[in-house]
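First up is the structure itself, then whatever we jot down about it.
Derivation of every value follows stated rules applied to the coordinates shown; laboratory data play no part. Predicted model, so just to flag it, every value in this text is computed and none were measured. All Cβ positions, glycine included, derive from the backbone under ideal geometry; neighbour counts span all protein chains shown.
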Amino acid sequence: MTYGAKAMQSPGQDSSYPAIIDTGSSQLSIPPDVFEKIRQEWAVSLPELDCKSDKTFCHVQAQCEDVAKKVKPVGFQMSDYIFEITPEQYLYKSDEGKCYFVIHKCRLPGKNKNLYLIGDAFLRHFYSVYDFDKD
């Protein structure tokens, strides 16, 4: 995973995690260690970032249009290609005037905690073909 051009895994760290493509989910769950690194990057640009008052999502009390100017695109590498989504694509404007980040920490227990759950927040921006005859 990348934030702007910066890799979110440390040099030498295994950057390969399992992923589940979930057309029934509207979010993007990422492994906890990767989430912590991207959360720190967001916090540099947005000191008012709140990742504690909501059980799942980080948010700021600001317009998403303003937040999008301060954060960078996020890239997901699959095989040899990096699929990038812009801040406008991973931010969600709530009715309360808050701007939510739909990328969040995977909360599955045990060995499943280190996986990506790729939902509609990602899938709606890319044409997807599911070929079950090929691996």
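Here are some notes:
- Residues SER16, SER79 arranged by fewest to most Cβ contacts within 10 Å: SER79, SER16
- Measuring nothing but how far apart in sequence close Cα pairs (under 8 Å, 6+ apart) lie, relative to its length, the chain scores a relative contact order of 37 percent.
- Here's the list of aspartates and glutamates a cross-link from LYS52 could span, going by alpha-carbon distance under 15 Å and ignoring same-chain residues fewer than 8 apart: GLU36.
- Within the chain, helix-based [θ] at 222 nm, where runs of 4 or more DSSP H residues each add -39,500 (n - 2.57), nearest 500: -5000 deg cm²/dmol
- Most to least packed among 45-56, 29-40 [average Cβ atoms within 10 Å]: 29-40, 45-56
- Overall, the stretch 1-129 carries a charge dipole of about 280 debye about its Cα centre when +1 sits on the Cβ of Lys and Arg and -1 on the Cβ of Asp and Glu, all other atoms neutral.
- Which of PHE76, LEU49, SER128, positive extreme of dipole for the chain (C-beta unit charges): LEU49
- Beyond 20 Å in Cα-Cα separation lie the following of the pairs LYS70/LYS98; LYS69/LYS93; LYS93/LYS113: LYS93/LYS113.
- Sorted by Cβ density within 10 Å, fewest first, the residues TYR127, TYR92, TYR81: TYR127, TYR81, TYR92
- Proxy reagent accessibility, fewest Cβ within 10 Å first, across ASP80, ASP120: ASP80, ASP120
- Between the Cα long axis of helix 32-45 and the first principal axis of the chain there is an angle of about 30°, rounded to the nearest 10.
- Over the chain, the hull volume per residue, using the convex hull of the C-alpha atoms, is 128 Å³.
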